[in-house]
1. Which percent of the accessible heavy-atom area of the chain goes to carbon and sulfur, probe 1.4 angstrom?
2. Pull up the cross-link candidates among the aspartates and glutamates for K176, meaning alpha carbon to alpha carbon under 20 Å and not fewer than 8 places away within one chain.
3. Please give the residues of the stretch 302-341, grouped as numeric ranges, whose backbone N is less than 14 Å from a label point set 7 Å along the Cα-to-Cβ vector of R347.
4. Relative to the longest principal axis of the C-alpha atoms of the chain, give the angle of the C-alpha long axis of helix 6-15, reported between 0 and 90° and rounded to the nearest 10°.
5. Could you point to the residue in L388, Q80, F217 farthest towards the positive end of the chain's charge dipole, with +1 and -1 charges on the Cβ of Lys/Arg and Asp/Glu respectively?
6. What whole-number value in Å² describes the accessible area per residue of the stretch 199-283 for a 1.4 Å probe?
7. Can you find, among P2, A35, N24, the residue sitting farthest towards the positive end of the charge dipole of the stretch 1-93, where Lys and Arg contribute +1 and Asp and Glu -1 at Cβ?
8. Round to the nearest 10 and give me the degree value, 0 to 90, for the angle of helix 290-320's Cα axis relative to the longest principal axis of the chain.
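The values are calculated or read from the model by the stated rules, or taken from the named source; none is laboratory data. Everything numeric here is computed off the predicted structure, so don't read it as measured data. Neighbour counts run over all protein chains shown; Cβ positions are idealised from the backbone, glycine included. Areas reflect the complete protein model, heavy atoms only, side chains present, ligands, DNA and RNA absent. Shrake-Rupley method; radii C 1.70, N 1.55, O 1.52, S 1.80 Å.
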Amino acid sequence: MPARTGAQYLQGLKDRSAEVWLGNERVRDVTSHPALRRGARSVAHLYDMQHESALRDEMTYVSPTTGNRVGLSFITPRTQEELQRRTRMMLHWARFSGGMLGRSPDYLNVSLMASAAAAEFYAQNHPRHAENVRNYYTYVRENDLCLTHTLVNPQANRALTATGQPSAEVAARIVKETDKGMVIRGARILATLGPLSDEIAVFPSTVLKAAADTAAFAFAFAIPSNTPGLKYICRESFDYGRSPSEHPLGSRFEEMDAIVIFDDVLVPWERVFLKADPALCNIAYAETNAVVHMMHQVVCKNIAKAEFILGVACLIVDALGATEFPHVHEKIAECISNLELMKACLRAGEADAAIDRWGVMCPHRPPLDVARNIFPKMYPRMVEILQLLSSSGMMMIPPQSALESPIAEDIDQYLTVANMQARDRVKLFRLAWDIACSAFGGRQILYERFFFGDPVRMSSALYGIYPKEPLMERVREFLRREE
Ligand SMILES: Cc1cc2nc3c(=O)[nH]c(=O)nc-3n(C[C@H](O)[C@H](O)[C@H](O)COP(=O)(O)OP(=O)(O)OC[C@H]3O[C@@H](n4cnc5c(N)ncnc54)[C@H](O)[C@@H]3O)c2cc1C
């Protein structure tokens, strides 16, 4: 099947309805439920972009197996030019939402591509697993499926987790093996886009103690979201059913995060990629370079998000007539620096990309790793800057009903600012509020802080991969100098 349209994506969610819980309600159709349908429609728009005549060549490429045009985020890049094509494609998707749909499907498509290219890594666990991961990648690419994923065991007792030992009562684990597959029981967090996905990739969390008693918790597999026994428990939706002008982000980009429960879920053997090998699980992301390809998608999202925040900040400053204050320049310059740093990291990652041991053109990791380590600090600060530039403006945002009421005349008179009429001002500051004050905005900050993992451990990973020895040697040599 060629790259899907939005309508085909939505139909797929309806046809293969997963077990989704929102409060006390079992959601039967996520595409029509008021709390989820507009988020689903935005993801559908991403799929439609693959068919826009002006974008088609930048969004798709020719499948090596069928000759169909398939989504470009599935490409196995062999050259720097192909990597840059993937960048352009991912930027198109990221810019559609100003980076607010962090979990556009490219995030997992690039990861799956890397896993399949590194199939021999999985063969170390069992020869069949290499074939499984290759077949699965081809299946997802040719059907243009939308994936969510879960890597982490729920917070139960982190003192225990710190020793590399998951909670035996809570964490998802293998409880049985049959001739058909392995049976999983327990919970995982936190499947962003889970209720809006066709399939879930359950990949290893990378902090298990390599010992016999953690083997049951060590696995990688992927199954359809509607597999019997699999349940998504949603948080409260931040789409409150308000109009896009009132709630510009929450009404469009609710990608939903869900706890995942495995109630004796049967995973067929052909969908198992790793089993009962904590040591291999712990290195899977790094060894296959899947994590680097994900960083590539993430830095594109960071660029789109930094561009969006900078644009909002500049519009606010213009509207209020605050363009001449030096402290305003300082704050805007900080946002510009953040954006340019992200762009520089992307360029460096592309420019120093090289063919890896799996034959894939892999971005250079250090600059992308730097980007994923500093953006969680940059983003909350940029949100703070929006608050500092807007101050009470973010509260002077009467709802649409007020603009259609007898009080509208007062609003038109008193909410007009230096360079913007009242109604346009309210619309702009509603957007700033949805970035910086609403529940949707708060979740975006939390997302940036944690979605790629615990920031402390991300720093340790950067410390671990960075070639420090040449620098240390240079200093040793300096210390040895006598003149
Ligand atoms: C909005 C959002 C969306 C997400 N989406 C996804 C997703 O789609 N898929 C997915 O798999 N995950 C997702 N995550 C989960 C994310 O991977 C985790 O939040 C992250 O790995 C941190 O784990 P945790 O939340 O369990 O926090 P914890 O690990 O419990 O950490 C809590 C605090 O304790 C500290 N801590 C805990 N253990 C240690 C230790 N051993 N050493 C030092 N400090 C420690 C941490 O530094 C932190 O300050 C998402 C998270 C958020 C917030």
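1. Heavy-atom surface of the chain belonging to carbon and sulfur, 1.4 Å probe: 56 percent.
2. Cross-link targets: D213, D263, D264, E270, D277.
3. Only 337-341 pass the distance filter.
4. Roughly 60 degrees, rounded to the nearest 10.
5. F217
6. Value returned for the stretch 199-283: 32 Å² of accessible area per residue.
7. N24
8. Computed tilt is about 0 degrees.
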